[in-house]
Amino acid sequence: PPVEFSPPPMPRTQPRFELWIDGAKDLAKLGRYRFTFDTGEHVLSMQWVALPGFPSPSLAVGTGVNIGEDLTCRGRILIFSTRDREPGVLPAIYQRALKWPVTAVGQHGNYFLHSEGFKLFFEKWENSNFNKLAFFDASMCVTAMASIKNFLLLGDLRKGLDFVQWKEENDGNTRTLKRLSRSPPSGFITVLACDFVVCGKSLGLVALDHTGTAHLYQYSPHSDGREGDQLLRSCATFSMGYPCRAALRLQTEAGVQCMFMASGGGELLCLRPIDDTVYRIVATLLGMLATRLPYRCGMNPRAFRHHEGPPALVAPRKNIEDAVLLRLFAFLSTPLQAGVAEKMRLPLLSLLKSTLPCATCQLLNLAPALPAKSAGVGQGGA
């Protein structure tokens, strides 16, 4: 016989998430294009791509579903486009179910990149399908990815960074992914985001971990027995206070590419590379400001930026400074500025000219130049 039972006082709910795509011209109408994911499906990665065979640009999304310990975590790859679509429910123009979570998606040339657990795949759109061309076995789980020219930077869930080279022969039949170097294995780093910084011919590799620390590395093909070649050279660690999950590399000057970071505390941070001469001036100036100016509770403002972690292979290097302290110097009274410049044996104007560009917001360099005013021609009548 049927069993009669009363419904529970509180209905059981299951989380479901949506993807909204809108243009920046009219933000008042959010949610015009939307897509609803499956129950318990989370977005783990997302990237704009321009792949052959798809509308440009398209949005590539990687998802993951983790129901419990007794079931294997799975995921999906979805590609969306709003071209020739009416506002409303936006279906995916391509989707594929996988047996692994997709924690990173991206594009390198005409190739589509995505990760499945600890594997990174290069795929190409051919004959209405993606064909796998090459793969790379990372350490544990790829969590972040960045590329510049034919080099890739992969962030891992626990093993730090992998610096990989992509090589394709001229005949197009031979493609290889080779690990050039990796971060030192002595320190376990959970990478949330990674990218490059460029200053002239110098290339820096940056990893952002879950503790809110930025790790700066450099690749050197010649090893000194401890760092270089197979292990990346650790250049600096800098505590930012809050974890940063998103990073973007933009060119702010000729030959200079900065790294912009969005932190969990609602801050927009910028890592700007500078040459050695300017860095020595900035480091000396901040050292004098830390000892000569009063601070809250008598605390050292530079000590807050030091990373506390397991010992590394070499003594920690200090190659990143806090530009917030440079702004304090810019707003000091003229007698105090002159006294500091005299101690450093530099003219005050020269000191300001060298340091103030480092303390200026780099977003101002991204603003488009104002159009030049054309000279008007007037005619007079009698």
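Points to keep in mind about this one:
- Scan the stretch 8-36 for residues that are under 17 Å from THR82 (Cα atoms) and either part of a loop (DSSP other than H, G, I, E, B) or touching a Leu at 6+ places or on another chain (Cβ under 7 Å) (or both) and the total you get is 15.
- Counting the residues of the stretch 128-138 that are free of Cβ contacts under 8 Å to residues at least 40 places away in the same chain and within 25 Å of the chain's Cα centre (by Cα) gives 2.
- Restricting the first member to the stretch 29-46 and to residues that are more than 20 Å from LEU157 (Cβ to Cβ), and the second to residues that are open to solvent by 20 Å² or more (accessible area, probe 1.4 Å) and acidic (Asp, Glu), the beta-carbon pairs closer than 6 Å and six or more apart or on different chains are LEU30/ASP22; ARG32/ASP22; ARG34/GLU18; THR36/GLU18.
- Subset of the stretch 122-156 (residues that are open to solvent by 20 Å² or more (accessible area, probe 1.4 Å), in contact with a strand residue (DSSP E or B) (Cβ under 7 Å, 6 or more places away or on another chain) and closer than 28 Å to MET261 by Cβ): SER139, MET140, CYS141, THR143, MET145, SER147, ILE148, ASN150, PHE151
- Scanning the stretch 176-195 for residues that are surrounded by 16 or more Cβ atoms within 10 Å (Cβ to Cβ) and either without any contact (Cβ under 8 Å) to a residue 24 or more places away in the chain or not charged (D, E, K, R) (or both) yields LEU177, SER181, SER183, PRO184, GLY187, ILE189, THR190, VAL191, LEU192, ALA193, CYS194.
- On the stretch given as the stretch 74-87, residues that are under 26 Å from the mean Cα position of the chain (by Cα) and of a type outside the set (Ser, Thr, Tyr) total 7.
- Options LEU370, LEU363, LEU313, LEU293; residue that is in contact with a Pro (Cβ under 7 Å, 6 or more places away or on another chain) and modelled with pLDDT under 85: LEU313
- In the set (1) in contact (Cβ under 8 Å) with a residue 60 or more places away in the chain; (2) touching a Pro at 6+ places or on another chain (Cβ under 6 Å), the condition left unmet by THR82 is number (2).
- Top-ranked residue in the stretch 146-198 [being among the acidic types (Asp, Glu) and over 17 Å from PHE122 (Cα atoms); ranked as nearest to the chain's Cα centre (by Cα)]: ASP195
- Residues located in the stretch 94-127, provided they are touching a residue at least 24 places away in the same chain (Cβ under 8 Å) and more than 23 Å from THR72 (Cα to Cα): TYR94, GLY106, GLN107, HIS108, ASN110, PHE112, PHE122, TRP125
- When GLY68, GLY64 are checked against the criterion of being closer than 25 Å to MET145 by Cα and out of contact with any helix residue (DSSP H, G or I) (no Cβ under 6 Å at 6 or more places or on another chain), a single residue qualifies: GLY64.
- Only one of the listed residues (VAL164, VAL198) is crowded, with 18+ Cβ neighbours inside 10 Å, at pLDDT 90 or above and not in a loop (DSSP other than H, G, I, E, B). That residue is VAL164.
- The single condition from (1) crowded, with 20+ Cβ neighbours inside 10 Å; (2) in contact with a strand residue (DSSP E or B) (Cβ under 7 Å, 6 or more places away or on another chain) that LYS159 fails is (2).
Residues checked against (1) at pLDDT 90 or above; (2) open to solvent by 90 Å² or more (accessible area, probe 1.4 Å); (3) over 25 Å from the mean Cα position of the chain (by Cα); (4) among the hydroxyl-bearing types (Ser, Thr, Tyr):
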residue: PHE5; (1), (2), (3), (4): no, yes, yes, no
residue: ARG12; (1), (2), (3), (4): no, yes, yes, no
residue: ASP22; (1), (2), (3), (4): no, no, no, no
residue: ALA28; (1), (2), (3), (4): no, yes, yes, no
residue: THR36; (1), (2), (3), (4): yes, no, yes, yes
residue: LEU51; (1), (2), (3), (4): yes, no, no, no
residue: VAL65; (1), (2), (3), (4): yes, no, no, no
residue: THR72; (1), (2), (3), (4): no, yes, yes, yes
residue: VAL89; (1), (2), (3), (4): yes, yes, yes, no
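- Qualifying residues in the stretch 249-295 (those that are exposed (fewer than 12 other Cβ atoms within 10 Å of the Cβ) and among the small types (Gly, Ala, Ser)) - the one nearest to GLY204 (Cα to Cα): GLY255
The values are calculated or read from the model by the stated rules, or taken from the named source; none is laboratory data. Remember, predicted model here, so these are calculated numbers, not experimental data. All Cβ positions, even for glycine, are placed from backbone atoms using ideal geometry, and neighbour counts span all protein chains on display. Each accessible area value is taken on the protein alone, full model and side chains, heavy atoms only, with ligands, DNA and RNA left out. Shrake-Rupley method; radii C 1.70, N 1.55, O 1.52, S 1.80 Å.
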